[in-house]
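Every number in this text was worked out from the coordinates using simple rules, so none of it is lab data. All figures in this text were calculated on a predicted structure; none of them were measured in a lab. Positions of Cβ are generated from backbone atoms using ideal geometry, with glycine treated the same way; all protein chains shown enter the neighbour counts.
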Amino acid sequence: MILTKAQYDEIAQCLVSVPPTRQSLRKLKQRFPRYLNGVGRNGTAPVLLELANEVDYAPSLMARIILERFLQEHEETPPSKSVINSMLRDPSQIPDGVLANQVYQCIVNDCCYGPLVDCIKHAIGHEHEVLLRDMLLEKNLSFLDEDQLRAKGYDKTPDFILQVPVAVEGHIIHWIESKASFGDECSHHAYLHDQFWSYWNRFGPGLVIYWYGFIQELDCNRERGILLKACFPTDIVTLCHSVA
């Protein structure tokens, strides 16, 4: 659906002038019933997806907003986050069939956000954890994985703890974390705060592998105990090597 500049300016002006309340949203919906008119003419047309593309907004995030509003208006209590996430993962749970189809189209056409993208990221992450496990076994390194550590009562753990530390480029390594992503400034600083320094505090110095590379300047904590690599290290020194 295409808007004229005058129509767009009119809607934008109304959005600025009304307070962010449910009553205001109802008034706006009555004045500009775009979504309802669109699906009223053709319930299978990707109306919600087109709206998201026109305003340059992630389709899955647009679907979440519309779904939350729909549930708020049709239920006595505000929907929980778990309910919303469950419906986004499986739109067939949405009580309105037309909205379910609209949400589904948004989810499958979003390449950056949403449950489908989360599944892809999870699968890629698991694949690289399996790859790292195979490499550790090939090197005959003894380790405990995340599941084994949690069974021992640890709540926040790296992917692998080395039962016998090794040296990489002159740095002692007690644990290895696999990241199937590129290490940019934003994500790396978040990982340092939420994960890496906790691992360092509990288990000692360790290694983070960013399989898709990282910004070189981020590898600045080696002397403090966190080493960054873009692949599995080939120059691992084990205890038996050092004794020999």
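Were the residues from Val108 through Asp96 laid out at 0.36 nm apart, the gain over their Cα-Cα distance would be 2.5 nm. What is the calculated FRET efficiency for Arg222 to Val55, with r their C-beta to C-beta distance and R₀ = 51 Å, to the nearest 0.05? Result of the calculation: an efficiency of 0.70. Three principal axis extents of the stretch 71-138 based on alpha-carbon atoms, in descending order, are 57, 25, 17 Å. Qualifying trypsin sites (Lys or Arg not before Pro) in the stretch 180-229, where qualification requires a DSSP coil assignment and no more than 16 other C-beta atoms within 10 Å, comprise Arg222, Arg224.
Based on the alpha-carbon gyration tensor of the stretch 138-225 and its eigenvalue square roots a ≥ b ≥ c, which shape applies: rounded if a/c is under 1.5, prolate if not and a/b is larger than b/c, or oblate? The shape class here is prolate.
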